[in-house]
Amino acid sequence: MLRAITLGAAIGLAAGAAFAPSAFAQSTFDPTVTSICIEPGGRTLPATCRAQPSHIDPREDICQCLDGGQQVTISVCPPGVRPPAESAAYERARAEAVKNGSVVGATWQGRPMCVAPRNPAR
């Protein structure tokens, strides 16, 4: 009986170690998108995102709208592309472009609706 319990514990520990995240494991979250929080009119509110302080891996683990607003997925601007300037017209267009909690792929005045890449902690 003791041998069976010991064997069961050893198998459980081995299985746990196999599924435990490695300190060097890459996140599975997409670095080309992030979340913003918007009010019904399209004005942005701060999103609280948790990410690793890394210059190499810009992926975020989780984002939340702690100050209210709807959480919306948005593209991170690719290199060389700047996000549209905030204006009342852009806010209205962004609010209207939300489909299923996302504006990924949406454009405004021929430019992609996107946000600047986050600056990792230095």
Test: residue 30 is open to solvent by 40 Å² or more (accessible area, probe 1.4 Å), at pLDDT 90 or above and at negative phi: no
All positions within the stretch 49-102 that are assigned to a strand (DSSP E or B) and not polar (S, T, N, Q): 49, 50, 51, 60, 61, 62, 63, 72, 74, 76, 99
The stretch 86-122, residues that are free of Cβ contacts under 8 Å to residues at least 40 places away in the same chain and open to solvent by less than 70 Å² (accessible area, probe 1.4 Å): 87, 88, 89, 97, 101, 102, 103, 105, 106, 108, 112, 113
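The values are calculated or read from the model by the stated rules, or taken from the named source; none is laboratory data. Bear in mind that the values here come from a model prediction, so they are computed numbers and not experimental data. Note: ideal-geometry Cβ built from the backbone for every residue, glycine included; neighbour counts use all protein chains shown. In case anyone asks, the SASA skips ligands and DNA or RNA and just uses the protein heavy atoms, side chains included. Shrake-Rupley method; radii C 1.70, N 1.55, O 1.52, S 1.80 Å.
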